[in-house]
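Single-structure report; data block below.
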Amino acid sequence: VCVNSVSVDPAGRWLATGSDDGIVRVFEVSTTRCLRKWILPASDKRERKVTSVSWCPAGKDVLLAVRGYQVFLLPAMASSAKGAEDTPGQLLISQSMGLLAGAEGSPKAKWSKATAKEGLGGGKHDGLCVDLGKKATQCSWHHKGDYFSTVCPSGNNMAVLVHQLSKCATQTPLSKSKGNKVVSCKFHPSKPILFVASENHVRAFHLVKQELVAKLISGSGSIIS
């Protein structure tokens, strides 16, 4: 099976992979054992590939997984034992689910509940799904663990979206398309700046001031990451 993305959790305990078979696997680093196998619910059998996985940096054990037009938020180390206390990731996602009924519909993305099947043990666990309407390729967390970004290269003005987990909300930080295909975006590790990479250059946007603060030109060919 082709593995498309790998992510290690902030504490270095677990390693997550996303692959062509539509399964997110979680391995224990110290023993190399596969602890979790999440089979993501399929809306389109043609879009099985998981193209990006990313651990929440705030130590909440929440895992982002991108597949096709959808982004899934999973309680990665969900407890499968009856009567066991919920993990931090389960609690965080459960709190966000409580907002779905009263949340206003967004033209940018649709938030909903999603149930992922666990391949080891046969259990099922609830997570969140964000339907983007365009095919996504990559996701990235803000360092505080509440916001995350997604990249949809064919999305034009909506190629880059920023989502807030605690409010189940989506916004468009870039109001205008520059005509270049977006390949990746990342949050600055401490400042309110979003770096957006196209095939030719990297632009840095100040999210509070809503303005471009820098444009970095590559002299070494197309940018891929």
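The values are calculated or read from the model by the stated rules, or taken from the named source; none is laboratory data. Because the structure is predicted, anything quoted here is derived from the model rather than measured. A quick note on method: Cβ atoms are made from the backbone with ideal geometry, for glycine too, and the neighbour counts reach across all protein chains shown. What goes into the accessible areas is simple: the full protein's heavy atoms, side chains included, and nothing from ligands, DNA or RNA. Shrake-Rupley method; radii C 1.70, N 1.55, O 1.52, S 1.80 Å.
Using the per-residue mean of other Cβ atoms lying within 10 Å as a proxy for protection, in what order, highest first, do the peptides 4-11, 214-221, 154-161 fall?
Details: 4-11: 15.8, 214-221: 8.6, 154-161: 18.5.
Output ranking for 4-11, 214-221, 154-161: 154-161, 4-11, 214-221.
The heavy atoms of Trp38 present about 0 square angstrom of accessible area, all protein chains included, probe 1.4 Å.
Counting only protein chains, not ligands or nucleic acids, how are His143, His188 ordered by accessible area (probe 1.4 Å), most first? Kindly include the intermediate steps, with their values, before the conclusion.
Working: His143 70, His188 40 Å².
If we order His143, His188 from most to least accessible, we get His143, His188.
Computed over neighbours whose Cβ is under 12 Å from that of Leu165, the net charge equals +2, Lys and Arg +1, Asp and Glu -1.
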